[in-house]
Amino acid sequence: MNQQKERQLNQISTWVREKLINEGTGHDWLHITRVRSLSIEIAKKEQADLFMTEAAALIHDMIDEKLSEKHRVSVDELNKRFSEWQIEKDEADKILSIITNISFRNRDKNKDVKLSKEGMVVQDADRLDAIGAIGIARTFMYAGSKGHLMYHEGEFENIPSAVGHFDEKLLHLKDLMNTKTGRKLAERRHDLMVAFLKELKKECSCTVQTALLDEKKAVW
Ligand code: ADP
Ligand code: NI
């Protein structure tokens, strides 16, 4: 990577760090650094462009509506930054396209969008950070911050709970990986979540229910 690109990545990371250091919804600077490292690891194996991957990984949550207004920026502001950092228009457009199309929440809306290789890498990295040990930790923190239950008894009612989130999203992510490397990294993390849920079920005297851990609908 040439010096100009290294300088641009430094500028981006300084800016994102400042913006997200106090973010409280699970999209804080530490999430970004984990997604950045995973993205670089996957990009190297998948021969994706390292500059585009790292830039998109750093910026991936910055325009997302789930961030509070204080932390989020508009597309206009982001474009202003891109020109300040002298990122070429063509590259800036590609980064913007990646970050608008990778969200899990918008997967139905974006299902016909073909992600670039770098987009696939960053999406895999973002999803890997939602599963495994770190995924479990983030889920319980998120549920706690929203006042959700840890789990609920009875059938799979529509009550938000941390355990419910495994059914809604986390246990599906392994099968949604785009890259071979991402799929491989997801396996161990997925198995850990399954083992964790089984153990939780045991310790809670079998009152923990998740549809995907139900024998009939088991996904493993
Ligand atoms: P992303 O679109 O980057 O996956 P989310 O806002 O959906 O971001 O999730 C941020 C973190 O909070 C993730 O670890 C996610 O699994 C967790 N999370 C999101 N929604 C819930 C929920 N309803 N209950 C528990 N954890 C959640
Ligand atoms: Ni993210």
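Of the residues making up segment 12-27, those that are crowded, with 16+ Cβ neighbours inside 10 Å and not aromatic (F, W, Y) number 9.
Of note, K114 does not satisfy the criterion of being modelled with pLDDT under 90, more than 11 Å from ligand 1 (Cβ to nearest atom) and assigned to a helix (DSSP H, G or I). Pairing residues of segment 49-64 that are in a loop (DSSP other than H, G, I, E, B) with residues that are open to solvent by less than 10 Å² (accessible area, probe 1.4 Å) and among the aromatic types (F, W, Y), at Cβ distances under 6 Å and at least 6 apart in sequence or on separate chains, gives no pairs at all. Against the conditions (1) under 18 Å from I98 (Cα atoms); (2) in contact with a helix residue (DSSP H, G or I) (Cβ under 9 Å, 6 or more places away or on another chain), E77 satisfies every one except (2). Among residues of segment 28-72 being within 17 Å of A130 (Cβ to Cβ) and more than 12 Å from ligand 2 (Cβ to nearest atom), the one that is least open to solvent (accessible area, probe 1.4 Å) is I42.
Looking across segment 167-180 at every residue that is surrounded by 19 or more Cβ atoms within 10 Å (Cβ to Cβ) and not hydrophobic (A, V, I, L, M, F, W, C), the one that is farthest from A143 (Cα to Cα) is identified as T179.
The values are calculated or read from the model by the stated rules, or taken from the named source; none is laboratory data. Please read these numbers as outputs of a predicted model, since none were measured by experiment. Here the Cβ is made from the backbone with ideal geometry for all residues, glycine too, and neighbour counts use every protein chain on show. The protein model used for the area step is the full one, side chains on, heavy atoms only, and it has no ligands, DNA or RNA in it. Shrake-Rupley method; radii C 1.70, N 1.55, O 1.52, S 1.80 Å.
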